[in-house]
Amino acid sequence: MKIRGFEIVKDASRVFPNQIITLPVRSDKGSAGYDFFSNEEVTLHPGSQHIFWTDVKTYMQEDEVLSVFVRSSIGIKRGLNLSNNTGLLMPLTIATLLMMEYWDCDAKH
């Protein structure tokens with residue numbers, strides 16, 4: 001029985017079907033969380049948004065939740081944030097693609 005982890009989405013549901021997908025990893029054993037990767041190279045301009053598809057899905061136990069946060073160095077150094085501040089994925093969203101939407105919080109509106 002699988003307890004918790006990540007796996008690549010089935011080919012029929014992938015945004016990047018012909019590319020190598022990197023599963024989330026901890027950068028070292030002291031890391032607070034996992035780093036996610038995108039197969040896109042995007043330049044965000046002030047006030048712009050972009051959804052980064054990972055082609056990764058997650059699985060976990062019924063009483064668990066996966067919290068998605070912006071890596072502190074990205075938020076602080078680059079002024080980027082998740083559009084909903086914290087992404088939450090619950091066990092019922094097991095088959096949901098993980099996507100992250102960033103916006104430039106330094107933009108003048």
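Computed values, structure above
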quantity	calculated
Only listed residue being surrounded by fewer than 15 Cβ atoms within 10 Å (Cβ to Cβ), at pLDDT below 85 and on the phi < 0 side of the Ramachandran plot, chosen from Asn84, Asn18	Asn84
Region 57-73, subset under 12 Å from Lys2 (Cβ atoms) and part of a strand (DSSP E or B), residue farthest from the chain's Cα centre (by Cα)	Tyr59
Candidate set: region 21-56, residues that are closer than 16 Å to Val70 by Cβ and of a type in the set (Val, Ile, Thr); chosen: the one surrounded by the fewest Cβ atoms within 10 Å (Cβ to Cβ)	Val42
Any pair with Cβ under 7 angstrom, 6 or more apart, that starts in region 66-83 at a residue that is closer than 16 Å to Tyr34 by Cα and ends at one that is among the polar types (S, T, N, Q) and exposed (fewer than 15 other Cβ atoms within 10 Å of the Cβ)	Ser67/Thr86; Val68/Thr86; Phe69/Thr86
Enumeration of residues in region 38-56 that are under 16 Å from the mean Cα position of the chain (by Cα) and either under 20 Å from Ala12 (Cα atoms) or touching a residue at least 60 places away in the same chain (Cβ under 8 Å) (or both)	Ser38, Asn39, Glu40, Ile51, Phe52, Trp53, Thr54, Asp55, Val56
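The values are calculated or read from the model by the stated rules, or taken from the named source; none is laboratory data. Source: prediction; values computed, not measured. All Cβ positions, even for glycine, are placed from backbone atoms using ideal geometry, and neighbour counts span all protein chains on display.
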